[in-house]
Amino acid sequence: MKRVLLTRPLPDSVVEAARTHFEVELRDDPAPLKLGQMRGALALYDGVLPTLGDMFSADVFADAENSRCKILANFGVGYNHIDAAAARAAGISVTNTPGAVTDATADIAMTLILMSARRAGEGERMVRAGKWPGWNPTQMLGMHVSGKTVGIIGMGRIGQAIAQRCHFGFGMDVIYYNRSPKPMEFPSRQVESLEALAAEADIVVVAVPGGAETHHIVGSSVFEAMKPGGHFINIARGDVVDEAALIAALQAGGIAGAGLDVYEKEPIVPEALKAMENVTLLPHLGTAALEVREAMGLMAVENLRAFFAGETPPNLVN
């Protein structure tokens, strides 16, 4: 049997599925692999099932041309923590788990939209602190999202799922910025620039993949173009946003609020963001539902199974 490393604790059903096909070593440490551990994994295992935070950079593959490992079956749709080109040069395939994460991530986007616009986090903290004086007609007035315009940056699977929820659930007008048109079953409109989207939208949602091409794609020019009453939502990757520019916009009152599930130097969250009442902060909950994590894990295991059976893995990315 092929020897496979699972780099983090995974749902029992995923581990059991892996053990039906492979000799499995399950690492019980939730922390990401260190450089030496990643190099060791390439030397000791036929396949590795890594995930977010396991930074398989080009340095890891520097001496890996004759490594035992031939596949990294990533647990997650985003794989910007893996240098896929360097892996391919070393003869190592990389796969991911698209599809399984779409609805769950779109749901978190809607959670953040509502929490930010309706000041839910701020209100919950007020109640817990015993500072709520009781209802009154002008207390904590937020933004009514129904009928507003949502601007979505990135119209892949997740972006389209967010658009569907916004349009059919809340009657919102949908505009988007994307490299190519994405015809949908409801009215939507592609705009030519990020700044044009920001200027028109009441809510801006980022749903692009991570990587060098999208690093800091959202910066000061986008926040300067946004409406003062606008809300900014990020469920993509933390480094697609210039976090310093976002903080500056919030502190200056350039935008009304933000909802974040990801951070530029995760798990570090800037104190400036934590100090602002108009910022909703979640601990990367995008796919945090048992059935979703099970589906992701089983998809990764299937990628491994197919690869070692001599088949093309269903979700090969390099």
Using θ = phi - 60° and the Karplus curve 6.51 cos²θ - 1.76 cosθ + 1.60, what whole-Hz ³J(HN,Hα) does each residue of region 278-284 get, with Gly and Pro shown as x?
8, 10, 9, 10, 10, x, 6
Any chance you could run the full-extension gain for Met126 through Ala288? It's 0.36 nm times the residue separation minus the Cα-Cα distance, nm to one decimal.
55.7 nm
Protection-proxy order for peptides 115-127, 67-79, 306-318, each taking the mean of Cβ atoms within 10 Å per residue, highest first
67-79, 115-127, 306-318
Report the gain in length on full extension from Glu213 to Glu266: 0.36 nm times residue separation, minus Cα-Cα distance, nm rounded to one decimal.
17.1 nm
Over 32 Å between Cα atoms: which of Lys227/Lys274; Lys34/Lys182; Lys227/Lys265; Lys182/Lys274 fall into that group?
Lys34/Lys182; Lys182/Lys274
Here the membrane-span-like helices of the chain, with no claim about any membrane, defined by DSSP H, Cα axial extent at least 18 Å and mean Kyte-Doolittle at least 0.0, are 102-117, 290-308
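Gain in length, Ala196 to Asp12, computed as 0.36 nm per residue apart minus the alpha-carbon separation, to one decimal in nm? Intermediate results must be reported in sequence, preceding the final value.
Numbers: separation 184, 0.36 × 184 = 66.24 nm, distance 4.68 nm.
Computed gain between Ala196 and Asp12 is 61.6 nm.
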Size descriptor, Kirkwood hydrodynamic radius, that averages inverse alpha-carbon separations across region 102-281, Å
16.4
Label model pair Ser220, Leu114: point-to-point distance (7 angstrom along the Cα→beta-carbon line) in nm is 3.7
Applying 1/(1 + (r/R0)^6) with R0 = 45 Å to the Cβ-Cβ distance of Arg189 and Glu23, what FRET efficiency is obtained, to the nearest 0.05?
0.25
Below 8 Å between Cα atoms, with a sequence gap of 6+, how large is the relative contact order for region 20-125 in percent?
21
Taking the DSSP beta bridges in region 102-281 as the whole, what percent of them are antiparallel, to the nearest 5?
5
Which whole-number percentage describes the relative contact order of the chain, with Cα contacts under 8 Å and a sequence gap of 6 or more?
18
Can you tell me what share of the DSSP beta bridges in the chain is antiparallel? A percent to the nearest 5 is fine.
5
Given +1 on the Cβ of Lys and Arg, -1 on the Cβ of Asp and Glu, and no further charges, what dipole in debye does the chain carry about its Cα centre, rounded to the nearest 20?
300
Can you give the FRET efficiency for Arg68 and Lys182, using 1/(1 + (r/R0)^6), R0 = 41 Å, r = Cβ-Cβ distance, to the nearest 0.05?
0.50
Sum -39500 (n - 2.57) across every DSSP H segment of at least 4 residues in the chain, then divide by the residue count to get the 222 nm mean residue ellipticity, nearest 500.
-9500 deg cm²/dmol
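Any read-out appearing in this document is the output of simple, stated calculations on the displayed coordinates, not a laboratory observation. Since this is a predicted model, take the numbers as computed values, not measurements. We place every Cβ from the backbone using ideal geometry, glycine too, and count neighbours over all the protein chains shown.
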